[in-house]
């Protein structure tokens, strides 16, 4: 799943990838979650401003759903644009 959002002259492309982690839980189970891969570029440009950034939930855990990963990646991308380019 991938979406591109336009925000303050930048394109924020968010792709969702499946994350299969084998972190030992109480029963040693394997967890499946999702991470957001975010690319930020100037609107209409093909070269990204940064290398792709990978985001999960807090404490290094993956998101529980694709929708959560998509919106989490978009929110992170907006914060980066606001913090670095819109002073």
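If I filter region 40-52 down to residues being modelled with pLDDT of 90 or more and part of a strand (DSSP E or B), which single residue comes out as surrounded by the fewest Cβ atoms within 10 Å (Cβ to Cβ)?
The selected residue is 42.
I need a count of the residues in region 54-87 that are in a helix (DSSP H, G or I), without any contact (Cβ under 8 Å) to a residue 24 or more places away in the chain and within 18 Å of residue 20 (Cα to Cα).
Of the residues in that region, 4 qualify.
Rundown of residues vs (1) out of contact with any helix residue (DSSP H, G or I) (no Cβ under 6 Å at 6 or more places or on another chain); (2) closer than 17 Å to residue 2 by Cα; (3) at pLDDT below 85; (4) surrounded by 11 or more Cβ atoms within 10 Å (Cβ to Cβ), yes/no style:
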position: 19; (1), (2), (3), (4): yes, yes, no, yes
position: 27; (1), (2), (3), (4): yes, no, yes, no
position: 30; (1), (2), (3), (4): yes, no, yes, no
position: 38; (1), (2), (3), (4): no, yes, no, yes
position: 54; (1), (2), (3), (4): yes, yes, no, yes
position: 59; (1), (2), (3), (4): yes, no, yes, no
position: 67; (1), (2), (3), (4): yes, yes, no, yes
position: 80; (1), (2), (3), (4): yes, no, no, yes
position: 84; (1), (2), (3), (4): yes, no, no, yes
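The values are calculated or read from the model by the stated rules, or taken from the named source; none is laboratory data. Everything numeric here is computed off the predicted structure, so don't read it as measured data. For neighbour counting, all protein chains shown are included, and Cβ atoms are generated from backbone atoms with ideal geometry for every residue, glycine included.
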